Amino acid sequence: MRALLVAALVLGLGCGGGHGGTMVSFCLNFTGAQAPAAGRVVARLASGGSCAARFVEIVVTDVADVFSGSFTVNFDPTKVAFGSASFQGSFLTAGGVQVNVVQTNPQPGSVTVGISRFGVASGVDVIGSQVLVRLSFAPVGAGAATLTLANGQLFDSGTPPQPKSGLTWSGGTFQVQ
């Protein structure tokens, strides 16, 4: 499935554009603004991928009883294109639990992502740094582009779910060459 996603990004988004009959290819890199630390939710470059398609992981560090989360990703759509959100490698799948990921694109350069366990009542105690969700991006234009995480919330397994307080959310910067 990962190979299909990468192929779809490369073919569907073009990894550059034509300029006077000449194909322009771009290479995408990402650097997180902060390193993972207790009580932080940060973006980091996932291993794997290629210049033409990168995965950015949203990572949670040392937070107890996480059942679900939501946040908005903001970026410059003239530099990068959003592909999809995936629960691949998410700590929410612990114990073989099913996970649902929902994404909405209210405007260019903005994607709201929600991820939740379902079919169980318990959350996951995140010990160390673990992946919440993976986001795929492809380059579309040269230059730097900031990725921000806004309106971020993690929720516990209570009834009703309660937001986890005191967390710091941090994005990073894309460099498209």
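The values are calculated or read from the model by the stated rules, or taken from the named source; none is laboratory data. Being a predicted model, the structure only gives us computed values, none of them experimental. Heads up, the Cβs are rebuilt from the backbone with ideal geometry, glycines too, and the neighbour counts pull from every protein chain shown.
Numbers at a glance
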| item | result |
| --- | --- |
| Single unsatisfied condition, Val113 versus (1) in contact with a Lys or Arg (Cβ under 7 Å, 6 or more places away or on another chain); (2) surrounded by 15 or more Cβ atoms within 10 Å (Cβ to Cβ); (3) of a type outside the set (Asp, Glu) | (1) |
| Meets criteria (over 30 Å from Ser157 (Cβ atoms) and among the acidic types (Asp, Glu)) for Asp65 | no |
| So Ala81, is it more than 30 Å from Ala121 (Cβ to Cβ), part of a strand (DSSP E or B) and aliphatic (A, V, I, L, M) | yes |
| Residues satisfying the stated conditions in region 127-177, i.e. over 21 Å from Val111 (Cα atoms) and either of a type in the set (Val, Ile, Thr) or in a strand (DSSP E or B) (or both) | Ile127, Gly128, Ser129, Gln130, Thr159 |
| Residues that are part of a loop (DSSP other than H, G, I, E, B) and either modelled with pLDDT under 95 or within 15 Å of the chain's Cα centre (by Cα) (or both), drawn from region 36-63 | Pro36, Ala46, Ser47, Gly48, Gly49, Cys51, Ala52 |
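Matching residues to (1) closer than 19 Å to Phe82 by Cα; (2) touching a strand residue (DSSP E or B) at 6+ places or on another chain (Cβ under 7 Å); (3) touching a residue at least 60 places away in the same chain (Cβ under 8 Å); (4) of a type in the set (Ser, Thr, Tyr):
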residue: Thr104; (1), (2), (3), (4): yes, yes, no, yes
residue: Val111; (1), (2), (3), (4): yes, yes, no, no
residue: Gly114; (1), (2), (3), (4): yes, yes, no, no
residue: Arg117; (1), (2), (3), (4): no, yes, no, no
residue: Val120; (1), (2), (3), (4): no, no, no, no
residue: Val126; (1), (2), (3), (4): no, yes, yes, no
residue: Val131; (1), (2), (3), (4): yes, yes, yes, no
residue: Pro139; (1), (2), (3), (4): yes, yes, yes, no
